Amino acid sequence: MARPKKHPDSGIYYVRRAFPIRLQPLVVRSIGKLSLQTKDSGPARLRFIHAMHKIEARWARLSAGPAVLSEREAHELAAPARDR
């Protein structure tokens with residue numbers, strides 16, 4: 001069963017999951033890490049569940065392929081870069 005891991009130096013918990021083989025060509029790494037931003041085991045367990053859902057959602061978005069944006073959505077996404 002998967003569970004949060006504790007970093008040996010900092011003591012901060014994190015999630016480590018291998019990307020499915022079908023998605024590895026789409027990402028640079030074969031293993032992804034996500035910090036749970038806590039040193040306490042209680043909150044780490046709760047944040048672990050949320051982190052696993054985030055990872056699964058990301059995999060689903062990658063599997064779905066590129067999204068088609070409307071012109072308005074594209075402008076909204078580009079606005080922060082333009083403002084900088």
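None of the figures in this text is laboratory data; all of them are computed from the coordinates on show. In this text the structure is predicted, and so the values were computed from the model without any measurement. Cβ sites come from the backbone with ideal geometry, for glycine too, and all protein chains shown count toward neighbours.
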Tabulated pairs, the range 54-74, first within 25 Å of LEU36 (Cα to Cα), second aromatic (Phe, Trp, Tyr), C-beta under 8 angstrom, 6+ apart or interchain = TRP59/PHE19
Across (1) surrounded by 12 or more Cβ atoms within 10 Å (Cβ to Cβ); (2) out of contact with any strand residue (DSSP E or B) (no Cβ under 9 Å at 6 or more places or on another chain); (3) among the charged types (D, E, K, R), LYS39 clears everything bar (2)
Taking the range 18-69 only, how many residues are within 19 Å of PRO8 (Cβ to Cβ) and either of a type in the set (Phe, Trp, Tyr) or assigned to a loop (DSSP other than H, G, I, E, B) (or both)?
-> 6
